[in-house]
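Take a look at the structure below.
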Amino acid sequence: MPRYAMVIDLQRCVGCGGCSIACRNENNVTEGIYWSNKITETVGTFPNVRYHYIPTLCNHCSNAPCVRGCPTRAMHKLANGITMHDPDKCIGCKYCEFNCPYGVIYFNWEKPHKFWRSEEAAIPGGTASPKEEVEKVGAKGTPYFNPERSGISAAIRPKGVVEKCTFCDHRIAKKQLPYCVEACPANARVFGDLSDPKSEVSVLLGKFHPFRLREELGTEPHIFYIRGYNPARYRATKGGV
Amino acid sequence: MEREQGKSKTFMSDLVNDLKISRRSFVKATAATGAALALGTGLTPDLRALAQTGKAAGGDMGQWIASTCQGCTSWCSKEVYVVNGRAIKVHGNKRSKVNGSASCPRAHLALQQVYDPDRIKTPMKRTNRKKGRNEDPKFVPISWDEALNTIADRIMELRKNNETHKYLLLRGRYTYMRDIIYDAMTKIIGSPNNISHSAICAEAEKFGPFYTEGYWDYRQYDVLNTKYILIWGADPLAANRQVSYYSSVWGDIVGKATIAVVEPRLSATAAKADEWLPVKPGQDGALAAAIAHVLLTKGLWSKEFVGDFKDGKNLFVAGQEVDPETFEEKHTYGIVRFWNLELKDKTPEWAAERAGLPLEQIKRVAMDYGRAGSQSMSWVGGGPVMQVRGAYASMICHCLNGITGACDNVGGTLVNNKEYTVGFPSFEEFLDEAAKKSSKLAKIDHRGRKDFPCITSGKPGSSVVTNRAADGILKADPYDIKVAIAYMNNFNFSCTQPERWNQALAKIPFLVHITTNASEFSWFADILLPDTHHLFEKWGWVKSSANGYRHVTLMQPVIKPMWESKIDETEIPWLISEKLAQRGFDNMLRYFKTIKDPETGKEPANEKEFAVYCVKLTTQNLWDPAKYQGGDKINGWDEFRKAGVWNSAPYPFRKRWSDMKTKTKKFEFYSETLKAALEEHAKKHNTTVDDILEVSGYQARGERAFVPHYEEPSTLGDEKEYPFLFVDHKSRLNREGRSANCTWYHEFKDVDPGDAAWDDVAKINPLDAMKLGLKTGDKIRITSPTGKLECTAKLWEGVRPGTVAKCYGQGHWVYGRVASKVFGKEPRGGNNNEVLPAVYDRLSGATVRHAATRVKIEKV
Amino acid sequence: MNGKNGLYPIWLGVLGIALMAGLVAAAFIFMQGHVLFNANDVLIWTLPLGVYIFLALASSGLTLLSALPLVFGIKKYEPFAKRLVFLAIATLCGGFVSIGLELGSIFHMIYIMLSPNLSSPIWWMGAIYSVELAVLALKFWKMHTGDYHSSFSKLMGTVSFVLALIAPLMIGSVFGLTESRATYFGPMMSIYCLLMAFLSGTALFILYSMVAGRITAKASSGEYAAVVYDDFTLILTYAAGIVVAFTLLKIAIESSTTIPAFLVYHSFEHLFGSIGVFGSEVILGLFLPFVLLLIPAVRGSVGGRILASALIFVGSLARHMEILLAGQSHPVGPKAEQFPQYVQYVPSVWELLVLVFALAVMMLLFTLGERYLKLNEASAN
């Protein structure tokens, strides 16, 4: 059985957010919920300033606090390492969200895609209402609804349950890469099987000194970061007294 | 068809529904439809045939179909994933050698554009006669027939009254089908007034390359082979151009080359750069002059490209003139005169004072740049050049490529590769006498007047002054405009000082807007025509370059156009031509019928065939093996449609050395080309070049006008009253100002460094903010001498003190219900153009956006 | 309570209105979702969860108190046992109302049984309180039928006591097991919850008895009861003293640590205002009543008892809320990108209605129980 993991090469990352928007698109994620997100930081004082960007997503931890705490095993581990959520079993207690050290779990506070349920048109007769638009193209939820987002999780998660990144389990099942990996224009995301020493992720993890987020918690995240967002050169110096 | 859902859904039925709906049954239902979709039942036969060949992985419900993204002018080749006639996803077309499979973030937003519910569904007409910013047009839907009849009647009225020059065509985002509506239609009707959008955000950066190396276009940059990238006010990881390509290779480049970014705010590219040079706005030229000075004094010029002193001794010593006879030039012209006229005193010390940068940094950047030799590039974007005296900044920043011999060289700056598309057949014989006469009249945008030299490609009065057209219309100078058709533009949003446009548009008696959304421009229109979305619904093609290749990429309808939308550049002119023919003026229709299907020789019978034949005819050399001239070999039209893109041959390095389209065929440090153009313009107006420069607002006089040189910035506003320089920049998610109605735009707006989701922020250095007593989140008003806007304050270290940086793209007061706060009334955020004055770089005609104005900031 | 009392129908009317409002609120919450709460993906748990913790712990406290006669056989408290057990049931029902309206998908609760996760403190908490409710109901039924001492009745008493000990520990460990939130992590929260359970349960009992006694003018009949209430007040004083000591220790540790999570915690703007390092709710809801209870005159008077126990009881809700919110006010990881540095909170009308609903259910049960179930100083036949 593979153990899936992702290596994110920060040097390749250009901080464009393409991963996050593509994820919205692929997984029919509603506004306000970010399966794929980022941690940014502007460091320094003018003019010695840089901006840093760390893409984030579910860490698919081996010791996932969300899985341990879930009362109904709605949040559970798959044999391939994916931390998976079953909205049918979710009671909406939000303990996983409370428990997640990485801030990647969100709750559906209301029925998703509210924008697209509006029945008002900007110019009556001349423009469509969002609802009319969705019906016109024969979609569900949004006009660009992706029906391929299925599997244990739902195509669109209902209100009252949590949701988060599933490593695009529905794509992996078809031997396709998670969509954020495919969509990353910078090839900053490398996906693969950690149990295979020859996989690209294993090779990269042996080559660099990777770090993981909040490693000290012992959660064993499976998103690894290598290299730095800004590998800027500078002239060698010993500083001064 | 759209069943009106009973609004009075009861409380209980909702409750019951919520409890009852089982997610499992929902999934099953979608899976079942999915199975049907896999058979492609939702596609038209045409698209189905196309789709069947698309490679689909196991279990996929849809197909990837090729088309083109025009979210910015990178013009990437794309593929759209279509399931049951619905566009679901967008990614890069891997067949393109320009962009490959990489896709920048803004491409995804196109899905929210094509399915934007605020797109106009049908033609509409205005029922409120009054026009104004605060007048609701009260649009009501009408049929295509009624709309076209009205338009044809108005055009015929112009013809009857012999005033066809009072017809105006305003162009916005275009494809190379533009010549139908922009050129042929305007001229056959009989008007000189086809005004493009080009000068709103470009042109000045093409000025420098043209008057040094005879190339009027955007450059490509051989980043994979370079050692030093010096970027001036460009942000290739975020905005124009080739964002997808540069994003795909930047991770390797930052490891190999030194990257220095000159820009007053920390851009996306600066965030990953080795050197950030937060120059004082408008002082880029000073820095460039100092770098050139160092390159020469330190002997770091290219001996191979520029040549050398005859005795090998470097006589370029600060402050000292050099005898031109001592230097033997190879592929360049006028290096010594350049030194004597401009560079000899432009020391790093001199520049440091003006540019507000540390002396050490200037020296270090100049030396490292020079040491990289010809594997270096001076990458000129809009920042330093879309300024009042930007033409010369464009020259001096670009000329570094000549000094190091990077021009046309491996690891340097390159021009476009050759491609083999052709133009449309000539329409000369379809111009009647009236048309021939009136199309020679002066244009409404004042180009070519004494104080508007606008010398594109060496020809005075040849480049458009888009933003000036508003003044021409307002003052009826040289005459009034009676009928205007505009497409895919929004000048009273996208041009600086847009209030002038509001007034000008209100003055036009009959205005037609071909548009996807009811925009600010539409608010003044009499007729609205629903336009297709380029990526999903349109026939056309565009071309662009990067990675040492040029591609020609096809747009084709990958879905059935939404509602009643039609193609702006081909279908609509055809339909108008039919109506004109019915009214006895059939020249245009007869001309259109000369555009035949190159495969069958068949005349177009309707607008749909016309749209396809236009594309087939102009691209025939690319896909017809019988006409093959180079680049990708494509076996027929169907194969071209499947591939979606044609790639050129690889770049032929150094082929242009001493074969440039300048007067001397050399890289001109002393521009004989510019001299000739300026003298021609002066002659036309019976005056001297110095006088032309004087009235056009430039500082150079005499010989200095013909060499790249530093000019002081010309910025509006008194420093005491308006303490801050306004810095405009672009967003990663802007689709040319058209994506603000997408919720994803706002959800992810914070991918622009310093910006915030669901907000429009002005980035202020914390030191300045402290003086003003501002904190992040405060609502502020930014006021310039010409206008004001309201937005939110954001304290950020990535901004030069004394400047305030704000991203362009928000501040729509119409466009849609997400883009505006109250549709038709209140803007969401602020439009930068509201504070920018309508000033120009008059040599290129470019609208000024940078170092344009000072502003003050107040809490509201 | 006395049916002849003119206030009674008014009281029932008020409860009826409160219940109706609660039911309407519940329907809206089911329909529109928890968007009606002023909660978000940073402040995940808000007032309804705080109310649940508050009532569940008070219920456990009441159960613990009932163990004095029922488990430890202290005879003189036996007349109060039935009322204590009933109050525990009613209070727990109020808590269940609140948690029921807090959960996003209550109809998936079946999976608590079909798909249990034994490593989840939430599962244990839910399971224990469910069993606790059943056991208390059985015990009450036994007592109602006069069976205080059969082995089954005793067993029920013992089981309920053990569960009432474990349940607060479980609530605490829901927080104590969050590695990601250092301010909660560890056994501190469990101990705190157990102490708070005992304190708030005792306060509720005294408050209830005093108020009910005032209204019915017969609740605290006779000297005998008075002596016992003296005892309970003393228990309350001791409990408050322990909690005061614990709180001081907790605050001392929190103010001297350099762990960033605690530093963030300090900069949290106290929901109820603060005096120095102490939140107002700690001063007014714990220290003040503790001091009052130390004064014999106050401790001895009905008014003083009502005041002190009311302060402690209401104060415990405030303290639960403060701890709940302070630990969540700061966005975790990438959520800081879309949320402000600190998220402020004021309950929405809907959340207040959940509180009203929970209290109304609890008080309606109190009222009905008092009227129909002969709670008044009942004892074994």
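The strands (runs of 3 or more DSSP E) falling completely within segment B:478-575 that include 2 or more residues that are not aliphatic (A, V, I, L, M) map to B:510-515, B:540-546, B:549-555. When restricted to residues that are among the aliphatic types (A, V, I, L, M) and away from chain A (no Cβ under 14 Å), segment B:761-786 contains 5.
Taking the criterion of being in contact with a strand residue (DSSP E or B) (Cβ under 6 Å, 6 or more places away or on another chain) and either surrounded by fewer than 18 Cβ atoms within 10 Å (Cβ to Cβ) or assigned to a loop (DSSP other than H, G, I, E, B) (or both), the only residue of segment B:335-358 that qualifies is B:Leu357. Tell me yes or no: at least one residue of segment B:254-262 is part of a helix (DSSP H, G or I), surrounded by 24 or more Cβ atoms within 10 Å (Cβ to Cβ) and of a type in the set (D, E, K, R). Among the residues of segment B:254-262, not one is part of a helix (DSSP H, G or I), surrounded by 24 or more Cβ atoms within 10 Å (Cβ to Cβ) and of a type in the set (D, E, K, R), which makes the answer no.
To keep it simple, each residue is scored yes or no on (1) in a loop (DSSP other than H, G, I, E, B); (2) at pLDDT 95 or above.
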| site | (1), (2) |
| --- | --- |
| C:Phe72 | yes, no |
| C:Ile89 | no, yes |
| C:Cys93 | no, yes |
| C:Ser98 | no, yes |
| C:Met113 | no, no |
| C:Ala134 | no, yes |
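Count of segment A:38-50 residues, restricted to those that are more than 7 Å from chain B (Cβ to nearest Cβ) and open to solvent by less than 10 Å² (accessible area, probe 1.4 Å), is 1.
Here's the yes/no breakdown for (1) among the hydrophobic types (A, V, I, L, M, F, W, C); (2) within 14 Å of chain C (Cβ to nearest Cβ); (3) open to solvent by less than 50 Å² (accessible area, probe 1.4 Å):
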{"site": "A:Leu205", "(1), (2), (3)": "yes, no, yes"}
{"site": "A:Phe211", "(1), (2), (3)": "yes, no, no"}
{"site": "A:Tyr229", "(1), (2), (3)": "no, no, yes"}
{"site": "A:Ala232", "(1), (2), (3)": "yes, no, yes"}
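Note on segment B:134-248: enclosed strands (runs of 3 or more DSSP E) holding 3 or more residues that are open to solvent by less than 20 Å² (accessible area, probe 1.4 Å) are B:167-171, B:228-232. Applying the criterion of being in contact (Cβ under 8 Å) with a residue 24 or more places away in the chain and open to solvent by less than 70 Å² (accessible area, probe 1.4 Å) to the residues of segment B:318-334, the residue that is nearest to B:His709 (Cα to Cα) is B:Gly334. Would it be correct to say that B:Arg849 is open to solvent by less than 20 Å² (accessible area, probe 1.4 Å), among the basic types (Lys, Arg) and not in a strand (DSSP E or B)? So B:Arg849 fits the description; yes. Any residue that is within 29 Å of C:Ala26 (Cα to Cα), part of a helix (DSSP H, G or I) and more than 20 Å from the chain's Cα centre (by Cα) - is there at least one of those in segment A:68-85? Taking every residue of segment A:68-85 in turn, at least one turns out to be within 29 Å of C:Ala26 (Cα to Cα), part of a helix (DSSP H, G or I) and more than 20 Å from the chain's Cα centre (by Cα). Each residue in segment A:11-37 was checked for being part of a loop (DSSP other than H, G, I, E, B), facing chain B (nearest Cβ under 7 Å) and either within 10 Å of the chain's Cα centre (by Cα) or surrounded by fewer than 24 Cβ atoms within 10 Å (Cβ to Cβ) (or both), and 2 of them qualify. Checked against (1) closer than 27 Å to B:Ile508 by Cβ; (2) surrounded by fewer than 20 Cβ atoms within 10 Å (Cβ to Cβ); (3) at pLDDT 95 or above, B:Ile473 meets all criteria but (2). Of all the residues in segment B:285-316, those that are at positive phi and in contact (Cβ under 8 Å) with a residue 24 or more places away in the chain number 1.
Quick grid of which residues meet (1) modelled with pLDDT of 95 or more; (2) closer than 19 Å to B:Lys538 by Cα; (3) crowded, with 16+ Cβ neighbours inside 10 Å:
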residue	(1), (2), (3)
B:Ala581	yes, no, yes
B:Gly584	yes, no, no
B:Leu589	yes, no, yes
B:Ile595	yes, yes, yes
B:Phe610	yes, yes, yes
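Looking across segment A:82-93 at every residue that is buried (at least 24 other Cβ atoms within 10 Å of the Cβ) and within 18 Å of A:Tyr34 (Cβ to Cβ), the one that is nearest to the other protein chains (Cβ to nearest Cβ) is identified as A:His85.
Looking across segment B:735-750 at every residue that is in a loop (DSSP other than H, G, I, E, B) and within 13 Å of chain A (Cβ to nearest Cβ), the one that is surrounded by the most Cβ atoms within 10 Å (Cβ to Cβ) is identified as B:Phe748. Applying a threshold of 6 Å to beta carbon distances and a minimum spacing of six or more residues, or different chains, the list of pairs starting in segment C:316-343 at a residue that is in contact (Cβ under 8 Å) with a residue 60 or more places away in the chain and away from chain A (no Cβ under 14 Å) and ending at one that is part of a loop (DSSP other than H, G, I, E, B) and open to solvent by less than 10 Å² (accessible area, probe 1.4 Å) reads C:Tyr342/C:Ser329.
The single condition among (1) at positive phi; (2) in contact (Cβ under 8 Å) with a residue 24 or more places away in the chain that C:Ala164 does not satisfy is (1). Among the conditions (1) in contact with a Phe, Trp or Tyr (Cβ under 8 Å, 6 or more places away or on another chain); (2) within 14 Å of another protein chain (Cβ to nearest Cβ); (3) open to solvent by less than 10 Å² (accessible area, probe 1.4 Å), the only one that B:Ile362 does not satisfy is (1). The set of residues from segment A:193-229 being part of a strand (DSSP E or B) and either closer than 15 Å to A:Gln11 by Cα or out of contact with any Lys or Arg (no Cβ under 9 Å at 6 or more places or on another chain) (or both) comprises A:Phe211, A:Phe224, A:Tyr225, A:Ile226.
Quick check: anything in segment C:160-171 within 14 Å of chain A (Cβ to nearest Cβ), of a type outside the set (S, T, N, Q) and not in a helix (DSSP H, G or I)? The answer is no; no qualifying residue exists. Looking only at residues of segment A:116-155 that are more than 14 Å from chain C (Cβ to nearest Cβ) and β-branched (Val, Ile, Thr), we find that the one that is surrounded by the most Cβ atoms within 10 Å (Cβ to Cβ) is A:Thr127. Looking at A:His76, is it open to solvent by 30 Å² or more (accessible area, probe 1.4 Å), over 30 Å from B:Val279 (Cα atoms) and at pLDDT 95 or above? Yes.
The values are calculated or read from the model by the stated rules, or taken from the named source; none is laboratory data. Quick caveat: nothing in here was measured; it's all calculated off a predicted structure. Positions of Cβ are generated from backbone atoms using ideal geometry, with glycine treated the same way; all protein chains shown enter the neighbour counts. When the accessible area is computed, the model is the full protein with side chains, heavy atoms only, and any ligands, DNA or RNA have been set aside. Shrake-Rupley method; radii C 1.70, N 1.55, O 1.52, S 1.80 Å.
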